[in-house]
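Q: I am attaching a structure below and will ask some questions about it afterwards.
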C-alpha cells in the first residue's frame, strides 16, 4: 500500500508536498478546480523543482474546463521539470463544473478526452475535433524540450460511477475512487475488471489503483464525536453530504437515495439548502469544498458519517482496514484533510500507520 496526499491547492502552500516527501509519502495529488483554489499546474511546477523523490500530478484535472491538448501540454511541461515522477489524473470535472452551476462532461466526451490526451502524451499525431473542425495535431519542437514526452506520463481516471469505472479499465493506466468503504470497493472493482475485459485487457500490478478519503488517527479511547476528529474529517464528510444531496436532487428526490448515515439530519440539511439563493445555490453548497467545514454544517458531521466516509480509527484498526482495501486491489490511499489540519493528519499517518506498510 502506497500513501499519497491530496490538499486544497494553494500556490503559496506548495511546500506541503516537500513536507510530505520528508514524511515518506509516495505521491502528491494536486486538485484542479479553478473557482475555489489556486492553479494546479503552477503549484505542481513549484513542487517539481523543490522535491526529488515524491511522484506528483493532478488529482484531478477536470475535462470540462481545459481542452485535451492544453491538459497534455501542461502536464508534459511539469514532466520536463520532474521527469519520470509525473502522472495525470483526469475526471469529468464534477466540482470545477458544478461550482459554476454547470454539468460535468458526458461519458462519450470523457472517452474522447482521454483518447486525445493519451495519444498526444505518447508523442503521436491524433485526429482532434474542435468545434466541429477535425484536424491532425501533434506537439512540435520536440527536439527543443519545451515539454517532456520521453518519460512516460501515466493517465489515471477518477470515477465512482459504474460506466466511468469501466472506462478506466478500458483505456487508462490507473483509476482513482472517492471512498473509504470496503463494501463499495468490492462493487467498484467488479466494474473495473469488466471494463478491462471488454477491451481485452487485464488489471495487473502495473495498473495503479487509488482511493481518496480523509482520515484521523484516534488517540486511545477517543470517540468519533470528538471535536478534533470532526475538525480533521468534517470537510470530507460534508463533501459527501453535498454530493449525495445532488444525487438525490437530480435523481428524483427519492428516499432510497438518502444514505443511512445522513437519515437523521437530512430534513434539517434540506431546510438549510432551502435558504440558499435559488440562482446561486451551488456557490453556497460548495463553499468550503474539501478545504474547510462550514460552521453551519458541523452539526451534520455525525459519528456514523465519519465512519462511513473516512479512514478514522486507532492505528491497529486503520492498519487492518488498509490491508483489507489492499486485498481487494487498491495500491494507494490518498489522504485529503481540511487545509487547516493537513500537516497534522499527514504527520499522524506517517508516524502511526505507515510504518506497518514499510
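Q: Can you pull out the residues in segment 113-129 that are free of Cβ contacts under 8 Å to residues at least 24 places away in the same chain and either surrounded by fewer than 14 Cβ atoms within 10 Å (Cβ to Cβ) or closer than 18 Å to residue 65 by Cβ (or both)?
A: Quick first cut of segment 113-129, residues free of Cβ contacts under 8 Å to residues at least 24 places away in the same chain only: 119, 124-127, 129.
Result: 124, 125, 127, 129.
Residue-by-condition table, conditions (1) touching a helix residue (DSSP H, G or I) at 6+ places or on another chain (Cβ under 9 Å); (2) without any contact (Cβ under 8 Å) to a residue 60 or more places away in the chain; (3) closer than 28 Å to residue 130 by Cα:
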{"site": "34", "(1), (2), (3)": "yes, no, yes"}
{"site": "41", "(1), (2), (3)": "yes, yes, yes"}
{"site": "46", "(1), (2), (3)": "yes, yes, no"}
{"site": "53", "(1), (2), (3)": "yes, yes, no"}
{"site": "62", "(1), (2), (3)": "yes, yes, yes"}
{"site": "68", "(1), (2), (3)": "yes, no, yes"}
{"site": "75", "(1), (2), (3)": "yes, no, yes"}
{"site": "79", "(1), (2), (3)": "yes, no, yes"}
{"site": "82", "(1), (2), (3)": "yes, yes, no"}
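Q: Residue by residue through segment 130-164, note down the ones that are within 16 Å of residue 63 (Cβ to Cβ), free of Cβ contacts under 8 Å to residues at least 60 places away in the same chain and touching a helix residue (DSSP H, G or I) at 6+ places or on another chain (Cβ under 8 Å).
A: Selection gives 160, 163.
Q: When you check residue 306 against the structure, is it buried (at least 18 other Cβ atoms within 10 Å of the Cβ), more than 22 Å from residue 26 (Cα to Cα) and modelled with pLDDT of 95 or more, yes or no? If you could, list the steps in order and put the result at the bottom.
A: On the way: buried (at least 18 other Cβ atoms within 10 Å of the Cβ): yes; more than 22 Å from residue 26 (Cα to Cα): yes; modelled with pLDDT of 95 or more: yes.
Taking the combined requirement at face value, the residue satisfies it.
Q: Further question on the same structure: All but one of (1) modelled with pLDDT under 95; (2) surrounded by fewer than 23 Cβ atoms within 10 Å (Cβ to Cβ); (3) within 20 Å of residue 44 (Cα to Cα) hold for residue 101, so report the exception by its number.
A: (3)
Q: Checking the condition out of contact with any strand residue (DSSP E or B) (no Cβ under 6 Å at 6 or more places or on another chain), modelled with pLDDT of 95 or more, under 30 Å from residue 282 (Cβ atoms) and not in a helix (DSSP H, G or I), which residue from 150, 129 passes? I'd like the intermediate steps shown before the answer.
A: Values: 150 fails: under 30 Å from residue 282 (Cβ atoms).
That would be 129, the only listed residue that is out of contact with any strand residue (DSSP E or B) (no Cβ under 6 Å at 6 or more places or on another chain), modelled with pLDDT of 95 or more, under 30 Å from residue 282 (Cβ atoms) and not in a helix (DSSP H, G or I).
Q: For residues that are buried (at least 19 other Cβ atoms within 10 Å of the Cβ) and free of Cβ contacts under 8 Å to residues at least 60 places away in the same chain, tally how many sit in segment 180-191.
A: 2
Q: Out of (1) at pLDDT below 95; (2) assigned to a loop (DSSP other than H, G, I, E, B), the odd one out for residue 124 is which?
A: Among (1) at pLDDT below 95; (2) assigned to a loop (DSSP other than H, G, I, E, B), residue 124 violates only (1).
Q: Right, another one. Taking segment 22-59 as the search range and keeping residues that are within 25 Å of residue 322 (Cβ to Cβ) and part of a loop (DSSP other than H, G, I, E, B), which one is nearest to the chain's Cα centre (by Cα)? So that I can check it myself, show each step before the final result.
A: As a first pass, look at segment 22-59 and keep what is within 25 Å of residue 322 (Cβ to Cβ): 22-31, 51, 53-59.
If we keep only those that are part of a loop (DSSP other than H, G, I, E, B) as well, we get 24-26, 31, 51, 53-54.
Working: 24: 20, 25: 16, 26: 15, 31: 7, 51: 21, 53: 21, 54: 17 Å.
Ranking the qualifying residues of segment 22-59, first place goes to 31.
Q: Just the residues that are in a loop (DSSP other than H, G, I, E, B) and over 21 Å from residue 121 (Cα atoms), please, taken from segment 160-179. I'd like the intermediate steps shown before the answer.
A: Here is the first cut: in segment 160-179, the ones in a loop (DSSP other than H, G, I, E, B) are 160-161, 172-173, 179.
Across segment 160-179, the qualifying residues are 160, 161, 179.
Yes/no matrix, rows are residues, columns are (1) buried (at least 24 other Cβ atoms within 10 Å of the Cβ); (2) under 21 Å from residue 149 (Cβ atoms); (3) at pLDDT 95 or above; (4) in contact with a strand residue (DSSP E or B) (Cβ under 9 Å, 6 or more places away or on another chain):
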position	(1), (2), (3), (4)
12	no, no, yes, no
15	no, no, yes, no
26	no, no, yes, yes
90	yes, yes, yes, yes
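Q: Which of (1) crowded, with 23+ Cβ neighbours inside 10 Å; (2) in contact (Cβ under 8 Å) with a residue 40 or more places away in the chain; (3) closer than 28 Å to residue 325 by Cα is the odd one out, the single condition residue 19 does not satisfy?
A: (1)
Q: Surrounded by fewer than 20 Cβ atoms within 10 Å (Cβ to Cβ) and either touching a strand residue (DSSP E or B) at 6+ places or on another chain (Cβ under 7 Å) or at positive phi (or both), is that true of residue 224?
A: The answer is yes for residue 224.
Q: Let me ask something else about it. Picking from 247, 311, which residue would you name as being closer than 23 Å to residue 185 by Cα and modelled with pLDDT under 95? Give the derivation first.
A: On the way: 311 fails: modelled with pLDDT under 95.
Only one candidate qualifies: 247.
Q: Now for a separate question. Does residue 112 satisfy the condition of being outside any loop (DSSP other than H, G, I, E, B) and either farther than 25 Å from residue 325 by Cα or modelled with pLDDT under 95 (or both)?
A: Values: outside any loop (DSSP other than H, G, I, E, B): yes; either farther than 25 Å from residue 325 by Cα or modelled with pLDDT under 95 (or both): yes.
Spelling it out, residue 112 is indeed outside any loop (DSSP other than H, G, I, E, B) and either farther than 25 Å from residue 325 by Cα or modelled with pLDDT under 95 (or both).
Q: Another question about this same structure. On the basis of being touching a residue at least 40 places away in the same chain (Cβ under 8 Å), in contact with a helix residue (DSSP H, G or I) (Cβ under 9 Å, 6 or more places away or on another chain), crowded, with 23+ Cβ neighbours inside 10 Å and within 26 Å of residue 113 (Cα to Cα), does residue 5 make the cut? Write out each step before concluding.
A: Details: touching a residue at least 40 places away in the same chain (Cβ under 8 Å): yes; in contact with a helix residue (DSSP H, G or I) (Cβ under 9 Å, 6 or more places away or on another chain): yes; crowded, with 23+ Cβ neighbours inside 10 Å: yes; within 26 Å of residue 113 (Cα to Cα): yes.
So residue 5 fits the description; yes.
The values are calculated or read from the model by the stated rules, or taken from the named source; none is laboratory data. The structure displayed is predicted, hence computed values, not measured ones. All Cβ positions, even for glycine, are placed from backbone atoms using ideal geometry, and neighbour counts span all protein chains on display.
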